[in-house]
1. Taking only pairs six or more apart or across chains, which ones have beta-carbon atoms under 6 Å, a first residue in segment 178-204 that is closer than 14 Å to GLU272 by Cα, and a second residue that is surrounded by fewer than 16 Cβ atoms within 10 Å (Cβ to Cβ)?
2. Could you run through segment 150-170 and say how many residues are within 7 Å of ligand 1 (Cβ to nearest atom) and closer than 25 Å to ALA250 by Cβ?
3. Would you be able to say whether some residue in segment 47-65 is in a helix (DSSP H, G or I) and surrounded by 12 or more Cβ atoms within 10 Å (Cβ to Cβ)?
4. Given the criterion outside the structural domain of ALA138 (by TED's automatic domain parsing) and within 30 Å of HIS16 (Cα to Cα), identify the matching residue among ARG35, ARG68.
5. Please count how many residues of segment 232-247 are within 17 Å of ASP259 (Cβ to Cβ), in contact (Cβ under 8 Å) with a residue 24 or more places away in the chain and not in a loop (DSSP other than H, G, I, E, B).
6. Before we move on, is THR191 of a type in the set (Val, Ile, Thr) and either within 10 Å of ligand 1 (Cβ to nearest atom) or touching a Pro at 6+ places or on another chain (Cβ under 7 Å) (or both)?
7. Picking from LEU302, LEU297, LEU215, LEU226, which residue would you name as being closer than 25 Å to THR168 by Cα, in a helix (DSSP H, G or I) and away from ligand 1 (no atom under 16 Å from the Cβ)?
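The values are calculated or read from the model by the stated rules, or taken from the named source; none is laboratory data. Small disclaimer: the values here were computed from a predicted structure and weren't measured. In this analysis, Cβ positions are derived from the backbone assuming ideal geometry, glycine residues included, and neighbour counts consider all displayed protein chains.
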Amino acid sequence: MIAGYAVPDFVSGFWHYYIAAITVVSIIAIIWFLRSQTTRKLAPGEEAEVLEPTFDGDLQELNNPLPRWWLYMFYLLIVFGILYLVLYPGLGRFEGVWGWSSADAYKQERARVDAEFDRQFQPFLGQDLMAVAADPKAREMGQRLFLTYCAQCHGSDAKGSQHFPNLTDGLWLFGGGDPEVVKASIAYGRTGEMPPLGDAVGGEQGAREVAHYVLALGGKPHDAQLAAAGQAKWVVCAGCHGEDGKGNLALSAPDLTNDAWQYGGSEAAIVESIVKGRKGGMPAQLEALGEAKVHLLTAYVLGLSQGK
Ligand code: HEC
Ligand code: HEC
């Protein structure tokens, strides 16, 4: 509805005629009123009438016709109004012969600004991501983009929060930090879903066992006995997270063997992931932002964890 704001979307055709009629009748009434008040001229020798009452003792109001220049300004305004209603939307649902709409005007302005941005960002598109990451000017532009499009989820310092991954620690849910995978995460999003699997692994106890197997896959402290029991149940998980637990990019199933955790790597957090399932969501950016901005953002994100 808002998008077509310049062309008011009345709920029924009646209101279009109702409003258009009021507008037209008002204009005609104003013209008639102006004429009725100004056509009478003073005859030679005739005095202007003094209207009652007088104000403040001696302040009198005379019944003179309006001065010509003043009157013509009124008529000019009326002509302007009629022209406006012919050219622009304003008369009920009539769109105006110029077909102007605020939505189109906004679109054109957007296109102009986008073209201007692209001109600035385009040179970086041809460069290697790591080279862009090292360019101070590109980093500054990348940061501004990040604050606009990414900070609401990943935080203005990109350190994330619960359920939103930290992008500065050099630990990656997807692709181990391969620049092209980071770019793909941003461009196409990561909207994988893990179904609740408590029943599939034999309830809470089974989930604990698998959790310890996950910790074992990552070479972390774990209970060997529980992990051994969990290994048998890993088949439930391997289809998505891989035999080795390193994840599957096509399914947006994260690497479970490093220290990058979206929901937490404690036994309790992993059990919760298994029992309840998980559905996060990193929205795809390519369509909305275009490749040049995605490239710049990727470089910015990669630069944040450099040396870690
Ligand atoms: C609506 C919230 C949201 C927004 C906005 C968002 N992200 Fe994400 N992002 C996430 C979530 C959640 C994940 C984890 C993916 C998952 O759920 O599997 C993620 C994952 C990522 C990853 C992969 C991290 C890894 O460890 O592999 C990168 C890179 C990333 N985001 C960058 C960005 C950039 C750059 C922007 C801005 C253009 C952005 N994100 C905007 C929520 C968001
Ligand atoms: C259907 C595919 C699929 C299966 C089967 C699956 N997962 Fe997942 N898993 C995912 C996806 C996708 C995510 C990421 C969810 C998100 O982004 O919110 C995930 C997330 C997780 C997480 C959270 C990781 C973090 O960073 O916090 C853990 C832990 C996990 N899975 C363990 C397992 C275990 C253990 C099994 C086997 C019992 C399993 N998964 C089976 C697809 C799957």
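1. MET194/GLY277; PRO195/GLY277; PRO196/LYS276; PRO196/GLY277
2. Looking only at that region, the number is 7.
3. No, every residue in segment 47-65 fails to be in a helix (DSSP H, G or I) and surrounded by 12 or more Cβ atoms within 10 Å (Cβ to Cβ).
4. Unique residue meeting the criteria: ARG35.
5. The total comes to 0.
6. For THR191, the condition - of a type in the set (Val, Ile, Thr) and either within 10 Å of ligand 1 (Cβ to nearest atom) or touching a Pro at 6+ places or on another chain (Cβ under 7 Å) (or both) - is met.
7. Unique residue meeting the criteria: LEU215.
Okay, residues lined up against (1) surrounded by fewer than 15 Cβ atoms within 10 Å (Cβ to Cβ); (2) part of a helix (DSSP H, G or I); (3) among the charged types (D, E, K, R):
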position: GLU109; (1), (2), (3): yes, yes, yes
position: VAL113; (1), (2), (3): yes, yes, no
position: PHE124; (1), (2), (3): no, yes, no
position: MET130; (1), (2), (3): yes, yes, no
position: ARG139; (1), (2), (3): no, yes, yes
position: GLY142; (1), (2), (3): no, yes, no
position: LEU147; (1), (2), (3): yes, yes, no
